[in-house]
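Comments concern the structure below.
Read-outs: derived from the displayed coordinates by stated rules, not from any lab. Computed from a predicted model, the values in this text were never measured in an experiment. Cβ atoms come from the backbone with ideal geometry, glycine included; neighbour counts cover every protein chain shown.
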Amino acid sequence: MPDPPADGGIMEKNIKLELRGISKSFPGVKALDNVNIVLRKGTVHAIVGENGAGKSTLMKIINGLYKRDKGQVFLDGKEVHFSGPMESSEAGIAMIYQELNFFPELSIAENIFMKRQPSKAGCLNWEKMMQDAKKILEHNALNYDPAMKIKELPIGSIQMLEIVKAVAFNAQVIIMDEPTSSISEKEVRMLFDKINELRTKGISFLYISHKMDEVFQIADDITVIRDGKTIISGPAGGFDNDSIITYMVGRAINNVYPKVDVPIGDIAFDAKNLCSKDMFENVSFFVRKGEIVGMAGLIGAGRSEVCRSIFGLDSLDSGEIVLCGKQYKPKDVTHAIENKILMITEDRRKEGIIGVRSCRENITITSHHINKGVIMNLKKEKEDAIRMSEMLKVRFAGIETPIGYLSGGNQQKVLLARWLMLESDLLILDEPTKGIDVGAKLEIYNIMIDLVKKGYAILMISSELPELLGMCDRIYVMSQGRMRGCLARKDFQQERIMQIATGVAK
């Protein structure tokens with residue numbers, strides 16, 4: 001691996017934002033150690049690194065959410081100190097988080113003007129707010145009624161609104177944390193078109209992503225952070241996918257998808273003609289022991305809805321399920337777990353982790369629930385939680401660390417640890433590697449391989465086709481709430497799957 005250039009790889013006078021020697025520590029953890037980054041005016045600068053490398057912490061220091069321990073931040077050549085996000089916003093810095101911050105029950109206009117509502121005679125000027133919001137939407141070719149509740153919009157449009165809102169209030173630096181993790185390919189193209197339009201107007205972007213193909217599409221410059229340190233910075237053209245991964249993890253990763261052939265057993269789960277009003281219809285599929293079965297399809301195809309119904313999160317109107325030779329009818333989540341059906345949902349923050357609780361509590365909480373009435377041995381509970389976290393290589397300061405302090409990849413491993421404390425006949429993984437880095441992905445893939453070697457049946461939903469192609473034994477394809485086809489591993493073709501998912505082929 002070549003040494004990073006002494007000057008960081010970027011020599012440019014037209015600097016919009018510069019970070020020099022940024023350091024930040026939390027109890028038991030040094031999150032950032034002498035980080036240096038240069039953002040040029042009118043460019044997209046991608047920040048890449050493993051989960052827990054310090055990327056999000058760095059962005060929160062820039063926008064004033066965290067206070068740096070050491071180092072300097074320069075904006076337009078002047079050193080700045082922000083006491084909070086409002087100050088950074090007033091200085092022209094906007095941050096768009098991976099978990100979008102919006103108020104679903106409020107209108108588009110109210111979300112755009114949150115904390116900036118126009119007033120008249122000391123009262124909110126609704127008429128002006130609606131008029132101004134309409135102008136902003138029209139100027140950006142977003143054909144929505146400003147009075148419409150924002151929850152009625154697709155997530156891609158909400159993402160676009162966040163950018164529009166930032167620009168409307170004169171943001172010159174926009175920080176984006178995993179902006180494409182929950183949007184379709186079409187919406188990604190729309191997002192990139194907007195970013196390209198804005199950078200021609202001199203607006204600069206700091207762009208965090210684990211999706212290397214997107215980084216190379218959109219980035220002018222790239223900085224790699226590892227273990228809280230700047231490893232290398234330079235023009236995007238000086239990197240390729242392999243070199244980025246090597247810099248990120250400190251070693252070459254030759255086999256991204258460690259799929260191995262294992263003995264396939266009897267059918268563990270068999271679903272026939274599953275229906276749920278307005279979500280999916282006549283969906284049939286099966287999963288065998290020792291098998292990883294994928295579910296492919298575009299966003300809105302109904303994949304997650306099917307699995308949520310099986311797990312008791314959503315209603316199932318009709319259909320038949322046979323689980324290990326016995327009839328199974330979903331009632332609720334507790335019933336599913338008691339029947340050894342386990343699921344990691346797509347939205348780990350909303351339906352997975354308990355952010356204010358420790359990693360120990362997050363790992364063992366389901367065991368408490370299933371073993372109700374049994375007095376728990378706290379010493380054994382802690383030992384079990386430590387054993388599971390060590391087995392899954394969870395990176396944290398200690399087992400009592402609040403899970404909210406962990407990176408996304410480590411939170412995902414804690415959720416896996418929770419379910420591995422229990423026995424499973426069907427393990428459902430909905431977007432198991434969403435928003436996590438290549439090193440953490442490899443660890444999760446290896447865990448999956450270990451599980452199927454033990455006879456687990458795994459059903460995996462993923463929007464990343466290479467992941468499905470690399471890890472699955474069979475792939476079902478859904479479109480518009482119906483099961484459209486199934487491919488055996490020998491027949492896997494990315495183009496074929498997309499043709500089925502889009503209705504071009506059957």
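Overview of values
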| quantity | calculated |
| --- | --- |
| Size of electric dipole in the range 216-373: Cβ of Lys, Arg +1 and of Asp, Glu -1, about Cα centre, debye, nearest 20 | 640 |
| Contour excess over end-to-end distance, with Cα ends at K277 and I365 and 0.36 nm allotted per residue | 28.4 nm |
| Expected 222 nm ellipticity per residue - DSSP helices of 4 or more, -39500 (n - 2.57), all of the chain, to 500 | -9500 deg cm²/dmol |
| Whole-Å semi-axes of the ellipsoid equivalent to the range 201-328 (Cα gyration tensor, √5λ, descending) | 43, 21, 11 |
| The range 434-506: relative contact order as a whole-number percent, Cα under 8 Å and 6+ apart | 21 |
| Fraction of alpha-carbon pairs over 18 Å apart in the range 312-361 - percent | 44 |
| Within straight-line cross-link reach of K380, aspartates and glutamates at Cα separation under 16 Å, skipping those fewer than 8 residues along the same chain | E361, E390, E400 |
| Mean Cβ count within 10 Å, highest first, over the residues of peptides 288-294, 103-109, 168-174 | 288-294, 168-174, 103-109 |
| Computed P(r) (all Cα pairs; the range 65-213; 5 Å bins; percent) | 2, 8, 17, 20, 20, 15, 10, 5, 2, 0, 0 |
| The range 111-166 - Kirkwood radius from inverse mean 1/r over Cα pairs (Å) | 11.9 |
| Debye log10 I(q)/I(0) at q = 0.11, 0.20, 0.21, 0.23 Å⁻¹ for the range 411-506, Cα point scatterers | -0.36, -1.05, -1.13, -1.26 |
| Placed amide H near M95: partners under 5 Å, 5+ positions off or other chain | I175 |
| Fully extended contour minus Cα-Cα distance, from L142 to K201, at 0.36 nm per residue | 19.3 nm |
| Neighbourhood charge, 10 Å Cβ-Cβ cut-off, centred on I267 and excluding it, Lys, Arg +1 and Asp, Glu -1 | -1 |
| On Cα atoms only, tilt of 378-391 relative to the major axis of the chain in degrees | 80 |
